[in-house]
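Heads up: the structure comes next, in structure tokens.
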Amino acid sequence: MNFFLELLKVIGLTFYYLLESLVFLIIPKRKKSVAGEIVLITGAGSGIGRLLSIKFARLGATLVLWDINEEGLKETSRLAKENGAVRVQSYICDCSKSQEVYRVADQVKKEVGDVGILINNAGIVTGKRFMECPDSLVEKTMEVNIMAHFWTYKAFLPAMMASNHGHLVSIASSAGLIGVNRLADYCASKFAAVGFAESISLEMKDLGRTGIKTTIVCPYFISTGMFDGCQTKWPRLLPILKPEYVAEKIITAIRQNQEILILPRSLYFFFALKNVLPVKACVLLGDFAGALHFMDTFRGRVKKD
């Protein structure tokens with residue numbers, strides 16, 4: 001009898017959640033205030049990290065900016081202050097090194113306070129075929145794109161758990177949901193980032209820390225320079241995304257406690273098909289979308305973005 005009661009409960013709640021999602025497609029969720037929150041952004045020296053810093057500054061947040069690029073950090077700090085940041089503190093930090101993360105994290109706690117919104121944005125891409133990629137670059141990709149998430153969570157999650165308040169944001173990639181030719185190490189790191197973030201979200205729910213929210217961001221290629229040279233086969237269907245558009249969508253997702261954000265919206269359809277179609281059909285669709293040749297003209301840059 002317990003089984004059937006549980007089953008009815010699951011079916012009932014599933015329909016309720018589906019209806020709730022449909023309602024929120026028509027009537028957007030109310031946006032929470034981030035004024036006064038301490039927001040830490042890794043990879044803040046350029047690209048999406050810089051744009052997020054500026055947007056959080058306009059919303060009255062206290063900013064903690066991390067990067068290995070000192071000049072980039074200075075410029076982001078300047079722009080954040082020009083856009084009304086309450087307070088900006090920047091730190092040189094190589095997020096791939098656990099002890100450096102812990103050291104700088106201790107500085108942040110002493111000088112600024114407990115981080116309320118943690119955004120793991122720093123990332124690198126090599127863009128080489130797997131057998132052409134040196135071991136050192138494979139290791140660096142994993143260290144920056146996923147291991148850094150472990151270290152920042154270890155550093156800042158305990159305070160969030162103690163207060164049952166916080167928001168964990170993982171800037172992953174659509175390449176963390178589907179394999180892409182010539183991105184083996186990158187896809188592996190981003191798949192790991194998605195799985196790690198989902199697992200921590202479940203842990204928080206299981207521990208009753210419902211005040212800690214999570215957002216996983218999975219965008220297509222963004223024209224920040226990180227994937228410079230990449231081409232999309234059907235620009236109308238899968239356009240190279242504008243950084244300003246992506247940053248605005250990320251801010252909205254955070255403020256609405258959206259658990260996963262995939263950009264552009266057309267990718268939701270492709271990923272749904274991936275889970276129901278035969279593998280050969282998925283490869284055929286991937287080839288149609290240009291996934292086998294996205295990276296043929298890749299130039300990019302191997303640095304944090």
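The values are calculated or read from the model by the stated rules, or taken from the named source; none is laboratory data. Everything quoted here is computed from the prediction, not taken from an experiment. Neighbour counts are summed over all protein chains in view; Cβ atoms, including those assigned to glycine, are modelled from backbone coordinates with ideal geometry.
Quick check, is Gly179 at pLDDT 95 or above and either assigned to a loop (DSSP other than H, G, I, E, B) or surrounded by fewer than 18 Cβ atoms within 10 Å (Cβ to Cβ) (or both)? Taking the combined requirement at face value, the residue does not satisfy it. Of all residues assigned to segment 266-288, at least one qualifies as being surrounded by 17 or more Cβ atoms within 10 Å (Cβ to Cβ), within 23 Å of the chain's Cα centre (by Cα) and closer than 16 Å to Ala172 by Cα.
When Thr214, Thr210, Thr224 are screened for being modelled with pLDDT of 95 or more, buried (at least 18 other Cβ atoms within 10 Å of the Cβ), under 28 Å from Lys29 (Cβ atoms) and polar (S, T, N, Q), only Thr214 passes.
Hey, can you tell me all the residues within segment 232-247 that are in contact (Cβ under 8 Å) with a residue 60 or more places away in the chain and closer than 23 Å to Ala122 by Cα? Give the derivation first.
Just the residues of segment 232-247 that are in contact (Cβ under 8 Å) with a residue 60 or more places away in the chain, to begin with: 232-233, 243-244, 246-247.
Listed by number, the residues that qualify are Pro243, Glu244, Val246, Ala247.
Taken over segment 64-78, the residue count meeting the criterion of being over 25 Å from Val144 (Cα atoms) and either buried (at least 16 other Cβ atoms within 10 Å of the Cβ) or in contact with a helix residue (DSSP H, G or I) (Cβ under 9 Å, 6 or more places away or on another chain) (or both) is 0. What helices (runs of 4 or more DSSP H) lie completely within segment 200-305 and have 3 or more residues being small (Gly, Ala, Ser)? It comes to 279-289. You will find that of Val108, Val169, the residue that is buried (at least 20 other Cβ atoms within 10 Å of the Cβ) and over 19 Å from the mean Cα position of the chain (by Cα) is Val108 and no other.
Within segment 52-63, how many residues are surrounded by fewer than 24 Cβ atoms within 10 Å (Cβ to Cβ) and either free of Cβ contacts under 8 Å to residues at least 12 places away in the same chain or within 20 Å of Ile92 (Cα to Cα) (or both)? Explain how you work it out, then say what you get.
Quick first cut of segment 52-63, residues surrounded by fewer than 24 Cβ atoms within 10 Å (Cβ to Cβ) only: 54-55, 58-60, 62.
Subsequent filtering for residues that are either free of Cβ contacts under 8 Å to residues at least 12 places away in the same chain or within 20 Å of Ile92 (Cα to Cα) (or both) retains 54, 62.
Looking only at that region, the number is 2.
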